[in-house]
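The values are calculated or read from the model by the stated rules, or taken from the named source; none is laboratory data. This structure is a prediction, so every number in the text was calculated from the model and none was measured. With ideal geometry, Cβ positions are generated from the backbone for all residues, glycine too; neighbour counts draw on all protein chains shown.
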């Protein structure tokens, strides 16, 4: 249908062809997006609404009774020290992991892209952490970061530094988790940047070469960086979201301790909902978590999307 | 409409499956920590099915931890997915009992009539009782013991054949071990994770968590103060480092730690991890008050979930078998748990000989008379209370606050979490 | 630029890449070494990577016999394939529509997709579980795949990718009389291979390694994906059987690594075919 309508819209100039073309384009758009919309509603929207509904109740797993409690759960949240600590820790974690993993990912991608030989090898090595089961790799890190018998501190001792009590001390635990997070995320970001780099037309580089002295640095700022705009925006967004969702390392390595120094949002929500079994309260936390994240994303997207240059 | 169809299909399928073996009852059994219990469970169920050919044991996919196992049961409660028998951590038994998910075993015990003769003493039955309910039968039980590295003892001039009997002696040896250098540390006291090891100190001083009516905190009395001050001394005088649970285990297995205080249930694993690296020993854990001191019981209980009377008979048979002398004789050597069945412990038919040959396992056995139930807090904040206690212990271990202040904070926070009735 | 400077730059580049590679590989060295060691050698005061007594056979045979590993791997392959195929089929047209067509509600849809990106499975697990349980489909491949049949991540990724695609190509196709669906299939897909491959890698990796959801909907080992098998080697309370755990981790990771290596070639092929490069 649209195959007829569209060219027609392009040629004819009678009987409001622009409106007809718009209509048919809209129709095609909805048809193509339809299945995705259906799944989105069914698998994300409805469950989210269910969570919001649950957040207004005192539902507890295992008990039959369910009572409407209005905003009580939200009021309790305001005074919940654990929740506030988790909020702060998650923020700190995100602020460390996002920039580090984005820049290292970009760096790795640029270096690997420039290298002719061993490209596949390096790509594979840097991607390994993404491929591995994080729960199992967390156990490995637990040993590597062992304060006395671990290799990391053994190396530090060789150069005369007394290594910190990585995962054991409340001052270092969050940073240690963040480093593991960076290790895990760099390869992920690298692949995204590699995909973005390959999409840059070579002619642009040739043009840049004609234009100016083609120092690598200039080429990067003139061509690569602006052309990577959409990719970068995407990578930053995904990195923020993934860091905020940190869960596996915490649950395997520290369980939020010591003394809540590594308490993060998803862990707190999981504890409330599945361990303390207070599903209603955990749902309220989830809603606040989602709302905060959403606000952040809208802001970030508004701020960055305008500056990003699309071809 | 489609749902009805699915249901009908399910019923038809179930019927066709059942018709294959008409007289057979199939019990779906769920258990946690397969890394630990798989071999044990396989062995027990094999023997059970040999003795009871009309009952088939089908293990559903196990859960990695007690917590996750409990979540599974709570989610599945009342649905067709719910297993018929499960194993619940002794401190979480109250949760399933209060929610009436577990089947009260009182009538079965009464009908049986001769539990004591089969090795289930009143003391053992009590480990799984809450508010007049028999929520399960203790299956694998443990108590906290002292592990020590005899090589390090010798290096500081202590005699490993005469293990320290009091905490003062422990701290005196520890303070020498910490000065050995070369990354060697003194004590790994398992305060992380839950309140079990704190209970060991508190009960060991003769204290209790709450007042007998369960309305008020009681651990802030002199016994609790002694317990938390002791923890503080372990750090200050004994040089105990701040370690995560796994790091503590690993360092001890590597021969870099003098003392480890943790469950006897981990003994088999510790033996395996240590190998021939050093001379591993065990001894009873010192008590702050040898006269009135007790020790908490860790481990789990077999719990009946099925409400179907026909299955309940079979489930009761299996539970009793698993928790009985044969079950204990499989569990104990494979793990390090203590026998939860008096017959198994004493009779040479079961474990008598084993203990002769494996002296490391004796520490837990010797402490059996001191065992009392691991206290489960009332109300829905039970686990949160536990977490509050652990958080405050970590403040003491990290030397962020004085023990007195930590204890007062804990008492205040826990009191708030108790049911207000 | 002189050849001399080139050589220095290259040496520097290789040095940085190699140093980074060492850091990234370190955990795997320990993982492999542990999978070869008997239990008593795993934790010791020496940092030796080579075991004194080799226990690889012991550990790997545990990995295959303690759990029906082949069955688990098979389950993983089936579930990941179903998820990936549906995700791509649903996301591609949607992303194309959002990138290149103007239709009412498009902005709202993008907002909804952004929202979807933020919703972790941990948050919606309970309602979805209740629905699946009510439909009586727990313990099926369907239950394992259901929540992931839509990937907002895929839509988002493709959207970013398509936006950067030149409009001329599409306009030309339209002038040729191609339908919009035809454009997606014959113009967009061939050009989108890098993005599709990249996404496939992420999708497969995420679902192959997912432990959270299978634990909720699967109670029969016959339906379990590989990570559920790994819990047979963990014993939280009393310390894990590290040797067997690491051996099992190797077994679970290797197929994925192989898939990545294959996809990587495809990745490059796709780029050359689409003519985006050189």
Subset of region A:151-167 that is under 32 Å from the mean Cα position of the chain (by Cα) and either under 15 Å from residue B:182 (Cβ atoms) or in contact (Cβ under 8 Å) with a residue 12 or more places away in the chain (or both) - its residue that is surrounded by the most Cβ atoms within 10 Å (Cβ to Cβ): A:167
Failed item, numbered, when residue B:234 is tested on (1) assigned to a loop (DSSP other than H, G, I, E, B); (2) modelled with pLDDT of 95 or more: (1)
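Does residue A:93 satisfy being part of a helix (DSSP H, G or I), touching a helix residue (DSSP H, G or I) at 6+ places or on another chain (Cβ under 6 Å) and more than 8 Å from every other protein chain (Cβ to nearest Cβ)?
yes
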Residue selected from region B:386-417 under the condition within 15 Å of residue B:217 (Cβ to Cβ) and without any contact (Cβ under 8 Å) to a residue 60 or more places away in the chain, by the criterion nearest to the chain's Cα centre (by Cα): B:388
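For (1) within 11 Å of chain C (Cβ to nearest Cβ); (2) over 28 Å from residue C:116 (Cβ atoms); (3) modelled with pLDDT under 85; (4) part of a loop (DSSP other than H, G, I, E, B), each residue gets a yes or a no:
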| site | (1), (2), (3), (4) |
| --- | --- |
| A:18 | no, yes, yes, no |
| A:27 | yes, no, no, no |
| A:34 | yes, no, no, no |
| A:63 | no, yes, yes, yes |
| A:77 | no, no, no, no |
Index of the failed condition, residue B:291 passing every other in (1) in contact with a strand residue (DSSP E or B) (Cβ under 6 Å, 6 or more places away or on another chain); (2) at pLDDT below 95: (1)
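Just for region C:99-112: of the residues that are more than 7 Å from every other protein chain (Cβ to nearest Cβ) and in contact (Cβ under 8 Å) with a residue 12 or more places away in the chain, which one is nearest to residue A:294 (Cα to Cα)?
Checking each candidate, the answer is C:110.
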Options B:267, B:231: the member that is within 18 Å of the chain's Cα centre (by Cα) and within 14 Å of another protein chain (Cβ to nearest Cβ): B:267
Residue that is touching a helix residue (DSSP H, G or I) at 6+ places or on another chain (Cβ under 8 Å), at pLDDT 95 or above and closer than 21 Å to residue B:279 by Cβ, where the choices are B:188, B:151: B:188
Count of residues meeting criterion [over 18 Å from residue B:381 (Cβ atoms) and touching a residue at least 24 places away in the same chain (Cβ under 8 Å)] in region B:91-113: 9
All positions within region C:129-140 that are more than 13 Å from chain A (Cβ to nearest Cβ) and touching a helix residue (DSSP H, G or I) at 6+ places or on another chain (Cβ under 6 Å): C:136, C:137, C:138, C:139
Members of region C:249-263 found to be buried (at least 20 other Cβ atoms within 10 Å of the Cβ), within 28 Å of residue B:246 (Cβ to Cβ) and within 8 Å of chain A (Cβ to nearest Cβ), listed by number: C:249, C:252, C:253, C:256
Restricting region B:101-114 to residues that are modelled with pLDDT of 90 or more and not in a helix (DSSP H, G or I), the residue that is nearest to the other protein chains (Cβ to nearest Cβ): B:101
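State yes or no: is residue B:243 in a helix (DSSP H, G or I) and either in contact with a strand residue (DSSP E or B) (Cβ under 9 Å, 6 or more places away or on another chain) or within 14 Å of another protein chain (Cβ to nearest Cβ) (or both)?
No.
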Checklist (1) part of a strand (DSSP E or B); (2) closer than 21 Å to residue B:90 by Cβ applied to residue B:287, failing item: (1)
All positions within region B:366-414 that are within 13 Å of chain A (Cβ to nearest Cβ), assigned to a loop (DSSP other than H, G, I, E, B) and closer than 13 Å to residue B:199 by Cα: B:377
Boolean, residue B:97 is closer than 27 Å to residue B:195 by Cα and at pLDDT 90 or above: yes
Meets criteria (free of Cβ contacts under 8 Å to residues at least 60 places away in the same chain and either more than 9 Å from chain A (Cβ to nearest Cβ) or under 18 Å from the mean Cα position of the chain (by Cα) (or both)) for residue C:153: yes
Hits in region A:145-172 - residues which are more than 12 Å from chain B (Cβ to nearest Cβ), at pLDDT 90 or above and assigned to a loop (DSSP other than H, G, I, E, B): A:159
Selection count where residues are within 22 Å of residue A:263 (Cα to Cα) and away from chain A (no Cβ under 11 Å), scope region B:181-196: 3
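A quick yes/no check of all residues on (1) at pLDDT below 90; (2) within 17 Å of the chain's Cα centre (by Cα); (3) under 30 Å from residue B:215 (Cα atoms):
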site	(1), (2), (3)
B:300	no, yes, yes
B:315	no, no, no
B:320	no, no, no
B:337	no, yes, no
B:356	yes, no, no
B:371	no, yes, yes
B:377	no, yes, yes
B:380	yes, no, yes
Helices (runs of 4 or more DSSP H) contained in region C:1-77 and holding at least 3 residues surrounded by 14 or more Cβ atoms within 10 Å (Cβ to Cβ) and touching a residue at least 24 places away in the same chain (Cβ under 8 Å): C:3-36, C:56-65
In region B:142-173, the residues that are farther than 13 Å from residue B:187 by Cβ and under 25 Å from the mean Cα position of the chain (by Cα): B:142, B:143, B:144, B:145, B:163, B:165, B:166
All positions within region B:247-264 that are facing chain C (nearest Cβ under 7 Å) and in a helix (DSSP H, G or I): B:249, B:250, B:253
Residue in region A:261-271 that is more than 24 Å from residue B:392 (Cα to Cα), at pLDDT 85 or above and buried (at least 20 other Cβ atoms within 10 Å of the Cβ) present: no
Count of region B:194-218 residues which are touching a residue at least 40 places away in the same chain (Cβ under 8 Å) and farther than 27 Å from residue B:165 by Cβ: 5
